[in-house]
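Chemist: Below you'll find the structure I mean.
The values are calculated or read from the model by the stated rules, or taken from the named source; none is laboratory data. From a predicted model like this one, the values you see are computed outputs, not experimental measurements. Neighbour counts are summed over all protein chains in view; Cβ atoms, including those assigned to glycine, are modelled from backbone coordinates with ideal geometry.
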Amino acid sequence: MASEYLPKQAEILSVKKETADTSRFRMKFVDPADREAFEYQPGQFVEISVMGAGEVPISITSSPLIDKGYFELCIRDTGKVTREIHKLGEGDIVGIRGPYGNSFDIKSMQGKEVLFVVGGLGLAPLRPVINGVVASRDEYKGVKILYGARTPGDMLFNEDLDEWSKIDGVEVLTTVDRADDSWKGNVGVVPKLFEKTEIEPKKTVAVICGPGIMIKFVMKDLLGMGFKEKDIWLTMERHMKCGIGKCGHCNIGTKYVCIDGPVFTFDQIKDLPDPY
Ligand SMILES: Cc1cc2nc3c(=O)[nH]c(=O)nc-3n(C[C@H](O)[C@H](O)[C@H](O)COP(=O)(O)OP(=O)(O)OC[C@H]3O[C@@H](n4cnc5c(N)ncnc54)[C@H](O)[C@@H]3O)c2cc1C
Ligand code: FES
């Protein structure tokens, strides 16, 4: 039996620069059997490796519904391994293990409004969730996407934001921490966008991803508005190694983020030490 730590080879098909430090890598498995076997759900991640550099967990940003025959990862150049990935281009080979982790149960959100509250790179794991919801838009009461980035140049997936905003019943609000001359939109942190829209907590499910500090403030506001803890979904990041519940690196309290998560509802994590 093949080792569960053995990566499968995937070829990079294209690299799209999203911002100065973040690119979207489209890839497909070299072996058609691996391509066939790779089934994932919104919210899951893979372990991507580069020979001689190491392995890191990255969320899958493509949608199983839309993107057929390939998958996409949106990766920020932050350190040793991600820097090596950014040196790669079309035709280069990486190792992939996964998909790992749990996923968003978007069917359970049907009949409600879905409020996405997103900061920076948090849009990468939530992109397939948003695509899954808007693909069956009529099944949901409505969709609101509140997205913030540090500067206009740090906004990811601008084409998607534009496309989503054109869909009937989908509201997209964006903001930046620091504007430049080109920016005519909102300026301020993501929670400021709550003032710009009508939210009915009893009829809404919130889905959050972003930096810990953003999550802290967003949680305070949502609970203050009267959201039920089980109606707030988050996807969490922790330092990981194995990705499959063996090494303990991603442990917080009673949970292993790699197998119990990375997707949780607030009631599942609220009592854990320093959850975000
Ligand atoms: C489930 C999951 C999904 C992720 N999805 C994405 C994604 O879609 N796109 C993306 O760009 N990144 C994602 N990350 C973060 C990514 O794994 C780290 O940026 C990467 O491991 C850094 O490795 P490195 O060797 O390049 O940097 P290193 O040289 O190891 O570290 C550089 C800096 O990043 C910090 N860091 C390293 N790992 C993490 C981590 N897991 N969380 C927070 N800070 C970290 C280090 O403390 C250090 O300050 C995800 C992480 C997890 C756990
Ligand atoms: S990363 Fe090894 S147990 Fe979660």
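Chemist: Given the options Ile232, Ile269, name the one that is away from ligand 1 (no atom under 13 Å from the Cβ), within 23 Å of Lys107 (Cα to Cα), surrounded by 14 or more Cβ atoms within 10 Å (Cβ to Cβ) and modelled with pLDDT under 95.
Modeler: Ile269
Chemist: Related question: Which pairs have Cβ atoms under 6 Å, sit 6 or more apart or on different chains, and link a residue in the stretch 242-268 that is among the β-branched types (Val, Ile, Thr) to one that is in a strand (DSSP E or B)?
Modeler: Listed pairs, sorted by first residue: Val263/Thr235; Thr265/Trp233.
Chemist: Turning to a different aspect of this structure: Identify, by number, the condition in (1) surrounded by fewer than 18 Cβ atoms within 10 Å (Cβ to Cβ); (2) at pLDDT below 95 that Lys87 doesn't meet.
Modeler: Condition not satisfied by Lys87: (2).
Chemist: OK, next. For Met240, are the conditions met, namely being outside the structural domain of Leu115 (by TED's automatic domain parsing) and within 21 Å of Cys74 (Cα to Cα)?
Modeler: Yes; evaluated as a whole, the condition is true for this residue.
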